[in-house]
Structure formats: structure tokens, C-alpha cells
Amino acid sequence: MAGTFTKHDLEVLDKIKDPESGPSAPILISDTLPRDPHITDPALYQRIVQKEKEIIASIQQIELHIAGLKANLASTPPIQQYQAATLSLDALVEEFPAYASVRNNRAQALRRIYGDAMLLSSAKERQGTAPPPLLPDAGGSQIIAASKTVLDDLDTAISLLSPKTPFAPLSPQAAKTLAQAYTQRGALYHLTAKSLASAPVSRDSPPSLRIHSLRREAQWTTLEFEENASRDFMLGGRYGNEIARQLAVSTNPTAKLCGDMVREAMRKEYAGAST
């Protein structure tokens, strides 16, 4: 029989397959901390949250109208209502730029308006199973500006809430927002990578990125989108998002390569055993 895997080999392969399987510092959650590390005045925090909740509630009503579950009593179409809600989020971000949750929510609202394929030049054809954008005919410059805001917001939210040291605790609210921000960014990266990898190469409309030149992602390859999506899903899972936890392994390009290598090695072992 061909040489078998050692215990160390198997441990290494398991670690590559599941990045969360190795030893790492646990996420420390403390209910005694301020809900947002940058808004420590309880009265001010409640005032900000109340404003944010009112905006989110209006967006939820718009979604019910779009789904046909509730009559639209407003005189304006849903897309205009959505854009008005986004302007309210803009104002809240401008007033409280260090409040991470509103940045996370603005990113989600913009994704809904412009679609999860906003980083691609042919968004209509590459939306996949994601909900269609509310503004399908938006111009290229408009989408580029929106996608930059989304990525900037998610980067900033992650930076604002990430623990300064591996053993620094987080409030439950901060951990939830951090998990959502990582998961949102991972979803954008994952859809972009999947679309680039599966798009037919055509001389007339080759798959390409449509990202602001100041963003690092503008120079990424498909593999870099895959790797960063998997990393973001892993971190989203670590901070409590179960969907991100499950996606972290299935989207890990190294894990896929590892699986192929293991299957090939096992095939050779079985072939050797039968001779």
C-alpha cells in the first residue's frame, strides 16, 4: 500500500479544511460594557438608537409593500421611499460618524437598492439568486459611488468595533453588529467571485469589475475575492453569525483544493492496495 497519512498530516488537513478548528482566543462578551464602545452615554445612545429604529421600521414597511403583503398608502413609489430612508441614514452617519450600527444598516440599504452584483460591470446578468435591485437601470458612476460607500461603511464599522486585543471583551450588541458587517462584506465578495468564475468569457462582454479606483478590491483577482469572502465569513461566524460560520468552510478555496488533494491521495492509496 502507498504511504498513509500521519496524525500530523491529518491535523494539518483538518485545519486547512476548517479554519475555525484550531486553537484561538474565544470571543469575550460582557453585558456590563456600553452597547457601543464609542457612544458611552446611555441617554445619547438611546436617542441615536431610537432614530435608527424609526428609519429601519420605515424600510421594513417598504419591503412589505414590495412583497405585496401590505398596501402602499404613500404617494411615492417604493424606490423613492427607499432612497428617502437612505438619506435619513446618511444624516445619522454624518451626525454620529463613530456609530457603527448605522453604517452597517446603510450598507444593507444600498445593497438592496443597487443589488449585490454592484461590484460587477454586468450586474443585470450576474445577480444570480439574490433579490433584484430596486434600481436596475442605475448608471455606472452612480453604482460605483454607491459600492464605494458600502465598502467604506463596512470597513469603518469593522474597524470601529473590532477588539483592540484578542482578549478585549465586546458588548453583545457590538458583537452582533460586527458579525453582520463581516457577513455583509463576505457576501459581496463571494457573489463577485462566483460571478467572475462562472461568467462565460466573451469578446463582446467579458466579465469585469466596476469598483472605484481608490478601493483595494479594484485590483483583486477572482481568487482574492474568494479568499477574502471566506475570511470574512469565518470572522462573521466567530462573532456569532451562524450562516457566516457555515459559509466559511464551503467558500474556502484552500479547503476545496485540500479536498481535491485528499481525494487524489486516497485514490492512489486504494489503487496501491488493490495491486
Per-region count, the stretch 149-168, residues among the hydroxyl-bearing types (Ser, Thr, Tyr) and in contact (Cβ under 8 Å) with a residue 12 or more places away in the chain = 3
Would you check if there is a residue in the stretch 169-192 being among the aromatic types (Phe, Trp, Tyr), free of Cβ contacts under 8 Å to residues at least 40 places away in the same chain and not in a loop (DSSP other than H, G, I, E, B)?
-> no
Just one listed residue, out of Ala85, Ala98, Ala57, is surrounded by 14 or more Cβ atoms within 10 Å (Cβ to Cβ) and modelled with pLDDT of 95 or more, and it is Ala85
Would you be able to tell me the number of residues in the stretch 154-193 that are of a type in the set (S, T, N, Q), farther than 15 Å from Tyr99 by Cα and crowded, with 21+ Cβ neighbours inside 10 Å?
-> 3
Specify which of the listed residues (Asn241, Asn228) is on the phi < 0 side of the Ramachandran plot and at pLDDT below 95.
-> Asn241
Scan the stretch 55-71 and give yes if some residue there is touching a His at 6+ places or on another chain (Cβ under 9 Å) and in a loop (DSSP other than H, G, I, E, B), otherwise no.
-> yes
Conditions (1) touching a residue at least 40 places away in the same chain (Cβ under 8 Å); (2) out of contact with any Asp or Glu (no Cβ under 8 Å at 6 or more places or on another chain); (3) part of a helix (DSSP H, G or I) -> Ala146 fails only (1)
Taking the condition among the β-branched types (Val, Ile, Thr) and at pLDDT 95 or above, does Thr32 pass?
-> yes
Looking at Ala123, Ala130, which one is modelled with pLDDT under 95, assigned to a loop (DSSP other than H, G, I, E, B) and within 14 Å of the chain's Cα centre (by Cα)?
-> Ala130
Based on what the data block shows, is Ser75 small (Gly, Ala, Ser) and surrounded by 13 or more Cβ atoms within 10 Å (Cβ to Cβ)?
-> no
Using beta carbons and a limit of 9 Å, which pairs, at least six apart or on different chains, have the first residue in the stretch 230-252 and farther than 21 Å from Gln173 by Cβ and the second one of a type in the set (Asp, Glu) and assigned to a helix (DSSP H, G or I)?
-> Ala248/Asp232; Thr251/Glu226; Asn252/Glu226; Asn252/Glu227
Inside the stretch 83-109, can you point out the residues that are over 21 Å from the mean Cα position of the chain (by Cα) and closer than 22 Å to Leu134 by Cα?
-> Gln83, Ala84, Ala85, Leu87, Ser88, Ala91
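The values are calculated or read from the model by the stated rules, or taken from the named source; none is laboratory data. This structure is a prediction, so every number in the text was calculated from the model and none was measured. FYI the Cβ positions are ideal-geometry reconstructions off the backbone, even for glycines, and counts take in every protein chain you see.
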